[in-house]
Amino acid sequence: MEKIKFKTDNFDNEEIDFYVLEHTKVSGVDYILVTDSEAGEDGDALILKNIGAADDAESIFEIVADEIELNAVAAVFNSLLEDTVLEEK
């Protein structure tokens, strides 16, 4: 799994490491499924949406919070990751 660093937008620009499980594009929008644990371990996962401009040097991601959007994108990831179980918390 690819490990990437994210900078938070809080006052201290904290860096957080995530492992990318999968990526997809839905209706022209890029989404990534990330987790905080390495392969084979149980962990928390997030679906992040790229909200940056296509020509930006760095991508800007935010957590998908809209329940309808989250369910739709989670269904896509479930079909891409046949051996992985995504459970909503």
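Each Cα pair under 8 Å and six or more residues apart adds its sequence gap; the mean of these over the residue count of the chain is a relative contact order of 18 percent. In a DSSP loop and with at most 12 other Cβ atoms within 10 Å, the chymotrypsin sites (Phe, Trp or Tyr not before Pro) in the chain are 11. Using a Förster distance of 35 Å, how high is the FRET efficiency between residue 55 and residue 20, based on the Cβ-Cβ distance and rounded to 0.05? Efficiency for this residue pair is about 0.95.
Excluding ligands, DNA and RNA, the accessible surface per residue across the chain is 75 Å² with a 1.4 Å probe. Restricting the range 15-76 to GluC sites (Glu not before Pro) that sit in a DSSP loop and have at most 12 other Cβ atoms within 10 Å of their own Cβ leaves 38, 41, 58. Expressed as a whole percent, the accessible surface of the chain that belongs to carbon and sulfur atoms is 47, based on a 1.4 Å probe. Helix content alone sets the calculated 222 nm mean residue ellipticity of the chain: runs of n ≥ 4 DSSP H residues at -39500 (n - 2.57) each, divided across all residues, give -5000 deg cm²/dmol.
What translational D, rounded to a whole number of µm²/s, comes out for the chain from Stokes-Einstein when the hydrodynamic radius is the Kirkwood one over Cα pairs, at 25 °C and 0.890 mPa s? The calculation lands on 177 µm²/s.
The values are calculated or read from the model by the stated rules, or taken from the named source; none is laboratory data. It should be emphasised that the depicted structure is a prediction, and the values quoted were computed from it without experimental measurement. Every residue, glycine among them, receives a Cβ derived from its backbone with ideal geometry; neighbour counts consider all protein chains shown. We work out accessible area using only protein heavy atoms, side chains counted, and drop any ligands, DNA or RNA first. Shrake-Rupley method; radii C 1.70, N 1.55, O 1.52, S 1.80 Å.
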